[in-house]
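The values are calculated or read from the model by the stated rules, or taken from the named source; none is laboratory data. These numbers come from a predicted model, not from an experiment. Cβ placement follows ideal geometry from the backbone for every residue including glycine, while neighbour counts extend to all protein chains displayed. In case anyone asks, the SASA skips ligands and DNA or RNA and just uses the protein heavy atoms, side chains included. Shrake-Rupley method; radii C 1.70, N 1.55, O 1.52, S 1.80 Å.
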Amino acid sequence: GAGVSQTPSNKVTEKGKYVELRCDPISGHTALYWYRQSLGQGPEFLIYFQGTGAADDSGLPNDRFFAVRPEGSVSTLKIQRTERGDSAVYLCASSLGGYFTDTQYFGPGTRLTVL
Amino acid sequence: GESVGLHLPTLSVQEGDNSIINCAYSNSASDYFIWYKQESGKGPQFIIDIRSNMDKRQGQRVTVLLNKTVKHLSLQIAATQPGDSAVYFCAERPKAAGNKLTFGGGTRVLVKP
């Protein structure tokens, strides 16, 4: 079946602009995660949804970052007033939603470049 | 041998040899560990996982070893192939942190033909 998909694959924007990044999880996966990966580093957790609600948003760096998942499937990560330091690859993952050995499967990521 | 470049330690391995990638994790309360493989321009790909009540788990050509005493995780790849060239990340799930994963810094594996 289809894996996690993310659009766009690349996004270039100017400092101060607003961007939206989209994630389509694996069908049937109730849990969805957003991570951010800087060059040469491992992914860093941003936010986790169980169904429609954000179960843990402790990784969001500040209030410019917001994510939604209104129908419990597709999720959108929104970044307001982008800064050059926001440049990174934004990864989405999904899982079945249990706790024990709940494997997270990642999408290809969206590379965001803020000029 | 190992070297450091672009912030990632690098393991150079001859094709056909076995590879061992090491990871020191940070949280003694973590109860679940995963190894991911990431190729250039792609997202992390699940390789194998292990729960904290185990010390060894085997998959196809891969074995994960967990030493909770020293908080150490390793990934062994048997008969390394050119397609194994990638960056490998270990990840831990702290028990009190829900389902979020904490990733290590990664190791680059280069397979020489």
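Listed values, structure above:
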item: Filter result for the condition that a residue is open to solvent by 30 Å² or more (accessible area, probe 1.4 Å), closer than 27 Å to A:PRO8 by Cα, within 13 Å of chain A (Cβ to nearest Cβ) and in contact with a His (Cβ under 8 Å, 6 or more places away or on another chain), over B:GLY105, B:GLY41; result: B:GLY105
item: Selection count where residues are assigned to a loop (DSSP other than H, G, I, E, B), away from chain B (no Cβ under 12 Å) and within 15 Å of the chain's Cα centre (by Cα), scope the range A:1-25; result: 2
item: Residue count, the range B:47-75 (criterion: assigned to a strand (DSSP E or B), within 14 Å of another protein chain (Cβ to nearest Cβ) and open to solvent by less than 60 Å² (accessible area, probe 1.4 Å)); result: 7
item: When residues of the range B:88-100 are limited to those that are out of contact with any Gly (no Cβ under 9 Å at 6 or more places or on another chain) and hydrophobic (A, V, I, L, M, F, W, C), the one farthest from the other protein chains (Cβ to nearest Cβ); result: B:ALA96
item: Candidates A:LEU46, A:LEU60 - the one that is in a loop (DSSP other than H, G, I, E, B), buried (at least 17 other Cβ atoms within 10 Å of the Cβ) and at pLDDT 95 or above; result: A:LEU60
item: Failed item, numbered, when A:LEU77 is tested on (1) open to solvent by less than 10 Å² (accessible area, probe 1.4 Å); (2) within 11 Å of chain B (Cβ to nearest Cβ); (3) not charged (D, E, K, R); result: (2)
